[in-house]
Amino acid sequence: MKKTLLSLSALSFLLLAACSSVNTVERAEPLATPDPIAIKKVTTDPALADKVSVVNVIQGTVSGDLLKIQVQVENLTYAYQLFNYQVVWIDKNGFHVTSPAPLWRPGQIEGRETQYLTAVAPKPSVVDFQMKLLSRITYDETVGAGRSGPAGKR
Amino acid sequence: MNQLQKISLLSLAPLALILGGCASSGGTRDAAYVDSDGTHTIVSLDQINIQDWSNAADQMVQSLLESGILNRSPEKPAIMVVSRIVNNTTQQVDTDLLTKKIRVALNQSGKVVTTTTYGPGGRAEDPLARETAELEKFQRGDTANMPLPYFSLSGKLLENRAQAGKTKQVTYIFQLSMTEIPTGLAVWEDEVQITKQGQRASVGW
């Protein structure tokens with residue numbers, strides 16, 4: 001019994017030691033007046049959505065005619081999370097902009113931290129976007145850990 | 001095996017197939033094509049990987065487009081020349097891995113065109129184009145000069161290493177400046193740092 005309690009205490013300590021969260025301070029009444037847009041979420045990985053969640057998206061224009069977006073993501077857990085994200089741009093005719101090719105970027109977020117992922121459209125013809133979020137743990141547990149080949153599908 | 005067991009096994013088969021699809025295509029290390037811009041590429045601790053070049057270039061382009069300085073040129077699109085990119089890393093790299101991606105993205109944005117008939121030290125990137133242009137001008141008796149670049153892109157690549165026990169860390173630092181040639185002022189500058197940490201290279205990230 002004593003051993004079990006000791007083991008449980010040690011495990012709890014290890015779990016807590018692995019977690020750390022961010023404290024923040026900001027203006028009580030922000031002066032910024034963002035332009036939030038309505039978003040539609042498609043979740044195929046609920047485990048990731050429960051950890052790293054999109055809070056809102058705002059948009060603007062830079063350099064005269066280029067769409068800029070800012071996606072606010074929040075770590076809902078108290079643990080450091082790794083994820084990847086990609087922004088796909090869509091022109092006014094509905095075509096995905098493939099050149100330059102959309103690329104995946106690595107993201108890291110501390111426990112309970114809020115981050116802002118920004119992206120600027122590569123050309124003036126872009127009117128829409130799609131942001132993809134991908135859990136890095138799923139990948140590490142399969143291909144990344146060396147249990148399978150690099151072309152494995154997720 | 002009774003009927004109930006058979007039904008249970010059959011109902012589990014699709015689940016096994018789905019889960020198997022998440023893992024891999026076979027558990028071997030046979031060569032396969034991977035997307036250069038995807039997350040299946042190799043992450044090394046001793047070199048700048050293909051995704052590092054892409055990420056650095058992408059961040060630089062985003063910063064440059066967002067700055068709005070490309071609109072300062074009286075001519076649209078602005079003419080840019082790629083100047084010297086100094087490599088102070090321990091690797092021998094072709095800096096075109098960075099600058100070409102930036103050139104392509106800026107060109108496709110419609111805001112910049114790059115001259116290939118001027119270059120550092122008077123060396124044109126495309127000597128044939130320059131010679132042909134000069135010959136044409138001579139034959140036509142044209143005294144007008146070729147359009148001169150308004151912006152010059154220069155930069156430096158740096159590297160920083162650290163180690164704690166068996167864990168290695170390497171940071172590659174990409175520094176770029178855009179000089180407005182008529183004023184000689186660096187009107188845009190940015191630095192991108194890419195840090196990788198671990199004990200060995202890995203497949204995927």
So, with points 7 Å from each Cα along the Cβ direction, the B:Glu66-B:Asp94 label distance in nm works out to 3.1 nm
List the residues of segment B:188-205 whose backbone N lies under 17 Å from a point placed 7 Å from the Cα of A:Lys132 along the Cα-to-Cβ direction.
B:204-205
Computed from the beta carbon distance with a Förster radius of 22 Å, FRET efficiency for B:Glu191 and A:Val88 to the nearest 0.05 stands at 0.20
Nearest-0.05 FRET efficiency for A:Phe95 and B:Ala129 at R0 = 30 Å, using Cβ-Cβ distance, is 0.40
Sticking with the crude label model, points 7 Å out along Cα→Cβ, report the distance from A:Gln72 to B:Thr183 in nm, one decimal please.
3.5 nm
Centre separation in Å (Cα based) which lies between segment A:24-48 and segment B:36-111
30 Å
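Of the peptides A:75-87, B:114-126, B:58-70, how do they stack up when ordered by the mean number of other Cβ atoms within 10 Å, highest first?
Averaged packing, sorted descending, gives the order B:58-70, A:75-87, B:114-126.
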Please give me the summed charge of the neighbours of B:Leu45: other residues whose Cβ is under 15 Å from its Cβ, Lys and Arg +1, Asp and Glu -1.
+2
Cross-link reach from A:Lys68 to aspartates and glutamates, straight Cα distance under 17 Å and at least 8 residues apart if same chain, gives A:Asp35, A:Asp91, A:Asp128, B:Asp58, B:Glu66
Evaluate the charge dipole of segment B:40-203 about its Cα centre and quote only its size in Debye, nearest 20, assuming +1 on the Cβ of each Lys and Arg and -1 on the Cβ of each Asp and Glu.
420 debye
Given R₀ = 45 Å, what would the calculated FRET efficiency be for B:Arg84 paired with A:Val42, taking r from the Cβ atoms and rounding to 0.05?
0.45
Between B:Glu136 and B:Val104, what is the spin-label point distance in nm, taking each point 7 Å from the Cα along the Cα→C-beta axis?
2.6 nm
Beyond 32 Å (Cα-Cα) in this structure, taken from B:Lys111/B:Lys168; B:Lys76/B:Lys156; A:Lys41/B:Lys168, we find B:Lys111/B:Lys168; A:Lys41/B:Lys168
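Quick note: the coordinates plus some simple rules give every number you see, no bench work behind them. Quick caveat: nothing in here was measured; it's all calculated off a predicted structure. Cβ atoms come from the backbone with ideal geometry, glycine included; neighbour counts cover every protein chain shown.
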